[in-house]
Each structure stands twice: as C-alpha cells, then as structure tokens.
Amino acid sequence: MSNNENDDLLNDTSNLLSQEIPAGVDRRTFLMRSAVVGATAVMTGRVVSAQERNERSTADPPLAQDLNVVKKSKGPVLTTVDEFYKVGPGPSSSHTIGPMRITYDFYQRATKLPADKLAKATAMKVHLFGSLSATGKGHGTERAALAGLVGKEPATVDPAFLDSLRDKPDQVFPMKLGTASFDVSLKDVIYDATKGDFKHPNTMTVKLMAGNDVLLEQEYYSVGGGFIEWKGYTPPKKNAPKYPFATMKELRAHADNNKISIAKVILANEMSIMGRTQEEVYAFVDKIINAMTATVRSGLKMPENDVLPGPIKLHSKAATVYKRAMDDSYQSDRGIGALSAYALAASEENGRGHLVITAPTGGSAGVMPALVYGLIENRKVPLEKVRDGMLAAAAVGYLCKHHATLSAAEGGCQAEIGVASSMAAALVATAYDAESRVVENAAESALEHHLGMTCDPVAGYVQVPCIERCAFGAVKAWTAYAIASNEIASRHRVDFDATVQALAQTAKDMNSKYKETSEAGLALSVVLC
Ligand code: SF4
C-alpha cells in the first residue's frame with residue numbers, strides 16, 4: 001500500500017462515494033457491485049473514482065428507458081397475433097426481418113418528402129451498430145437491409161432473391177424517388193461501430209443523402225422477434241382488451257372465472273383490441289400453422305449432403321435423423337427422434353435464410369413448428385385444437401415480451417429458445433385440453449429449465465448451437481407437458497410469473513459477451529479450419 005497520506009483512500013471518501021444509481025440498473029445490484037469494487041480498491045490501494053465505479057458496476061450498457069420495449073411492465077398486454085407471429089427470411093428475426101422492415105419503412109418515409117427535396121437525392125446509406133454490426137455478416141443483415149430498401153417485404157420476399165445477393169454481391173439496383181434516380185447496392189450498407197452509447201444493442205440509422213448533405217435521417221431499433229421501433233416511436237393506438245391482463249395470474253383468473261380456456265381469453269382480446277372477427281383471427285392463425293408445417297416439410301426434403309451457407313460448412317441432418325429415428329425399434333425413441341428431426345428441419349431452413357416464422361424469433365424458429373407438425377401429422381390432433389394451442393402459446397410469448405425480452409441481444413438464448421420452448425409447452429397442453437393451471441405449469445417448467453442460457457453463435461451464424469438447440473427446446477417442451485400433465489397441478493411450486501421475472505433479471509445480469517456478440521462461449525472455443 002502507498003505510504004503517501006494524499007493517496008490514502010480513506011482520507012477523503014467523497015470521491016469513492018457514488019452520488020446516484022445510474023438509470024437502468026437496479027439499486028441492489030448496483031450497491032453490491034459498487035461495494036465490491038470499492039472494497040477491492042481499499043485492499044489493493046488503487047484509487048477507483050466514483051465514475052469508474054459506476055461504469056464497472058453497470059457492466060452491461062443499459063437500454064434507453066424511453067424505448068417502448070423497455071416500458072414493458074406498464075398496463076395490460078396489447079400485443080396481437082399478427083404482430084407476434086411473423087413470416088420472414090431467416091436466420092435471425094432481429095438481424096433479418098427487423099432490418100428489412102426498417103429499411104422498407106425508411107423508403108416509404110422518403111417517398112413522402114417534398115418533390116424539390118427528393119429531386120436532390122443521390123444515395124441511401126444504412127449504418128449498422130452494436131450487435132447488428134458485430135454479428136450482422138453471419139446473419140446476412142446487409143442483404144436483408146438492402147432488400148427492404150429496394151421494396152421487398154419479409155413475408156413475401158423470395159428467398160432466392162436474398163441468395164442471389166449472397167452469390168452475386170456486386171449487383172446494383174436502380175432506385176427511383178420522385179424525379180431522382182440513383183443506384184443502391186450492398187456497399188450502401190455499412191457495418192459501423194460495434195460498441196457505443198446505443199439506445200438498444202440492435203441500432204441502425206438510415207439516411208437519404210444529397211451528396212454530403214443529409215436530406216432525411218432516422219434512427220431505428222430492431223428490438224427482437226422482428227419488432228421495430230425508432231427514435232420518437234409511439235405504439236399504435238389500440239382498443240381495450242376484453243379481458244385485460246398483465247400477468248399469467250390475471251390471465252388464468254379470467255379463464256377460470258369465466259369457465260373458458262386461456263386460448264378463448266386470447267381470442268376475445270384479439271377481437272376487441274383490433275376490432276377483428278373470430279374468422280379473421282383464425283384465418284391468420286391457420287396461415288401461420290400452414291407456414292410452420294411447410295417449413296418442416298421443406299427442411300425434411302433437403303438432401304443429406306446439403307451444406308448450409310457460411311464458414312462452418314455445416315451439413316443438413318434433419319432428413320438423416322428422421323430416417324434413422326424411424327428405424328429405431330423403440331417407439332418412444334422414434335418419437336423423440338422424429339420431434340428432434342422436425343425442429344432441425346425448420347431450423348436448418350432458417351440457417352439457409354429461407355422463410356420461417358418468428359415464434360418468438362428466427363433463431364428459435366424450429367421449436368414451435370416441430371410441435372405443430374408433430375401434433376398435426378403424427379398425432380392427428382384436430383386443427384381447431386392446434387389453433388387454440390397457438391393462441392395460448394402466443395399469450396406465453398406476450399408475457400415474456402411484456403416483462404422480460406425476446407431478444408438474444410438483450411437476454412441471451414433463454415429469451416429465444418427458452419421462450420419458444422415455453423410457448424410450445426403451452427401449445428401442447430392446450431391442444432390436449434389441459435386445464436389452465438396445467439398450461440401455466442407446462443409453460444413455466446419449460447422456461448425455468450432454460451434460464452441462464454447464453455447466446456454464442458459460432459462465427460455469428462445462426463447454426464451452432466442454434467439448430468440443435470431448437471431440437472432440445474422442442475423435446476424440453478414435450479417433457480414439460482409430460483410432467484405438468486402427470487403431476488398434481490396444484491402442487492407445482494413455481495408460478496410462471498416468477499420465472500418470467502427471473503428471466504428478466506437474468507437477462508439484466510448476463511455478461512454482455514453472451515448476448516449475441518459471438519465474443520464468448522462456443523463462438524470462442526470452436527475453431528473453424
Ligand atoms: S444461440 Fe440461441 S439466441 Fe443465439 S442466435 Fe442461436 S438460437 Fe438465437
């Protein structure tokens with residue numbers, strides 16, 4: 001320790017005391033971490049300023065508090081199925097569907113500029129920041145962003161168009177805005193700073209330029225599951241739900257008090273919030289069910305020697321696993337093998353950048369389709385039961401979004417595969433007419449056993465561990481249903497709301513290296529040669 005009196009840390013403690021708890025950090029965590037850093041300073045004799053202590057105590061940059069996605073615990077759930085289940089190109093809803101929606105939105109805004117301003121336009125520039133920049137290359141974010149700029153929408157884009165951008169990256173596309181015309185290409189999508197003071201880890205800016213002058217600029221955030229926000233975003237106005245709920249406890253109370261299922265509560269809310277008929281809600285859900293079965297079917301058809309795009313050179317294995325599982329002499333092994341193969345099939349489709357369904361995200365897009373396919377194709381469960389299952393699963397996803405996160409960049413893989421598995425458990429329980437308590441218990445159990453799971457995709461590609469992880473998420477969902485439907489439901493000790501809280505807290509505490517940055521875990525330990 002220093003003998004100089006001026007260096008004595010305990011001489012003047014004013015600089016050691018932090019004045020206030022920074023935004024976005026809970027008091028207890030901050031005080032504990034701050035105390036540890038302070039104690040270390042005293043023991044080692046190293047001066048640590050209050051500012052440095054603040055920085056170290058908030059290891060992860062906090063999300064901006066004015067993001068709508070952060071103001072999640074206020075008011076009833078107002079998310080609807082058409083916002084939640086989105087069809088779009090893989091491999092990551094926040095890195096492909098979100099950015100494509102963002103640049104499409106920007107193009108629409110640009111078209112509304114006055115004609116004299118538009119006439120000066122010479123270029124459009126997209127800047128990717130944070131996680132979008134760190135792992136965007138592996139996700140094809142630049143291709144998705146360019147596709148949105150040239151007017152493609154996620155649900156209808158031909159995956160062959162995105163493949164062609166990968167195979168021929170020098171293509172240029174003419175853009176017409178009013179009387180101005182200029183070319184856009186992948187060179188206009190810039191991988192910018194990976195670290196900085198961003199409102200959200202998935203931040204982008206899009207600019208319309210006139211030479212070096214900016215005619216229009218908008219900052220956007222791809223906040224998970226294909227949802228987007230922008231600076232100054234206000235959520236669209238919606239009607240009040242028939243059965244307002246902000247927790248599973250409230251949701252179940254509506255179901256139990258009205259002697260209806262969780263699915264019927266959600267159906268009534270969908271109708272009241274958006275002013276839709278039952279037929280319209282069901283038509284949308286059926287479209288999603290069909291898209292989910294189609295993605296499993298097309299994944300199973302891929303030949304065994306197919307290699308997924310990217311440096312990992314990962315071979316497809318869904319078809320092989322399925323065929324070999326069918327040869328197994330034990331029926332239970334055939335079931336687990338087939339379910340895993342369905343999840344691998346849909347997830348490999350995601351890895352190819354083909355169309356998938358966010359449930360809740362692209363990375364987790366193998367989980368729900370595996371169960372939907374299994375229920376329909378193997379168990380021959382009637383469509384209306386699967387429909388109800390989809391609505392109950394959506395409720396589970398809504399609550400996780402409302403109180404925690406669906407974004408790996410915010411919460412690691414527990415927020416993707418964990419939520420997907422929880423949704424899938426609710427789907428199966430509902431499809432088998434389980435009472436609301438069993439639906440909750442199944443969803444809780446599946447989520448609980450994914451808590452803490454980090455996101456560390458190798459080389460930034462949503463393949464390893466993501467593809468197999470979908471299979472595990474699907475099997476865990478089935479396990480959760482098996483336990484929930486066979487235990488004494490009232491003795492299930494942990495309620496869903498407590499586990500969602502744990503999800504949110506774990507997301508906050510998780511080291512930022514494990515949040516879709518490819519800077520740790522498998523992304524470091526797996527060596528590609
Ligand atoms: S590790 Fe999980 S969260 Fe991360 S990209 Fe893969 S599936 Fe998504």
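The values are calculated or read from the model by the stated rules, or taken from the named source; none is laboratory data. The model shown is predicted, which means the values in this text are computed figures rather than measured ones. Counting neighbours? That spans all protein chains shown, and the Cβs are built from the backbone with ideal geometry, glycine included. Side chains included, ligands, DNA and RNA excluded: accessible areas come from the protein's heavy atoms. Shrake-Rupley method; radii C 1.70, N 1.55, O 1.52, S 1.80 Å.
Which residues among the stretch 106-145 fall inside the zone where the amide N is under 13 Å from a point 7 Å beyond the Cα of Val172, along Cα→Cβ?
Inside the label zone: 123-124.
Counting only other residues whose beta carbon sits under 12 Å from that of Ser421, what net charge do I get with K and R as +1, D and E as -1? Can you show the working numbers first?
Numbers: positive: Arg469, Lys476; negative: Glu416, Glu444, Glu448.
That works out to -1.
Return the carbon/sulfur percentage of the accessible area of the chain, one whole number, probe 1.4 Å, all protein chains in place.
53
Is the stretch 189-326 best put as rounded, prolate or oblate by its Cα gyration tensor, with a ≥ b ≥ c the root eigenvalues, rounded for a/c under 1.5, and otherwise prolate when a/b is larger than b/c, oblate when not?
The shape class here is oblate.
Suppose a student asked you for the relative contact order of the chain, using Cα pairs under 8 Å spaced at least 6 residues apart; what percent would you report?
Values: 1057 pairs, mean separation 83.1, N = 529.
So the answer I get is 16 percent.
Take the alpha carbon gyration tensor of the stretch 324-397, find the square roots of its eigenvalues, order them as a ≥ b ≥ c, and report rounded if a/c is under 1.5; if not, report prolate when a/b exceeds b/c, else oblate. Provide the component values of the computation, followed by the final result.
Working: a/c = 2.43, a/b = 1.21, b/c = 2.00.
Taking the square roots of the gyration eigenvalues as a ≥ b ≥ c, the stretch 324-397 is oblate.
Taking a ≥ b ≥ c as the square roots of the Cα gyration tensor eigenvalues, with a/c under 1.5 meaning rounded and otherwise prolate when a/b beats b/c, else oblate, which class fits the stretch 444-529?
Cα axes put the stretch 444-529 in the oblate bin.
What is the magnitude of the charge dipole of the stretch 75-197 about its Cα centre, with +1 placed on the Cβ of each Lys and Arg, -1 on the Cβ of each Asp and Glu, and no other charges, expressed in debye to the nearest 20?
Values: 15 positive and 14 negative charges, 51 e Å.
The calculation lands at about 240 debye.
When the dipole is taken about the Cα centre of the stretch 160-214, and only Lys, Arg (+1) and Asp, Glu (-1) are charged at their Cβ, what size is it in debye, to the nearest 20?
Computed about the Cα centre, the dipole is about 120 debye.
Towards the positive end of the charge dipole of the stretch 140-266, with charges on Cβ (+1 Lys, Arg; -1 Asp, Glu), say which of Gly211, Ser181, Asn239 has the farthest Cα.
Towards the positive end, the residue furthest out is Asn239.
Sequence-distant or interchain residues sharing an amide H contact under 5 Å with Asp183, placed H: which?
Here Met175 satisfy the definition.
Past the 19 Å Cα-Cα mark, which pairs from Lys120/Lys199; Lys195/Lys515; Lys86/Lys249?
Lys120/Lys199; Lys86/Lys249
State in Å² the accessible area per residue of the chain; use a 1.4 Å probe, count heavy atoms of protein chains only, and round to the nearest integer.
Value returned for the chain: 43 Å² of accessible area per residue.
Per DSSP helix of 4 or more residues, -39500 (n - 2.57); summed, then divided by the residues of the chain. What does that give at 222 nm, rounded to the nearest 500? Intermediate results must be reported in sequence, preceding the final value.
On the way: 21 runs with 251 residues, N = 529.
Calculated mean residue ellipticity at 222 nm is -14500 deg cm²/dmol.
Dipole magnitude of the chain about its Cα centre, charges +1 at Lys/Arg Cβ and -1 at Asp/Glu Cβ only, in debye to the nearest 20?
Around 860 debye, computed over the chain.
Find how many whole Å separate the alpha carbon centroid of the stretch 166-206 from the alpha carbon centroid of the stretch 361-382.
About 35 Å separates the Cα centre of the stretch 361-382 from the one of the stretch 166-206.
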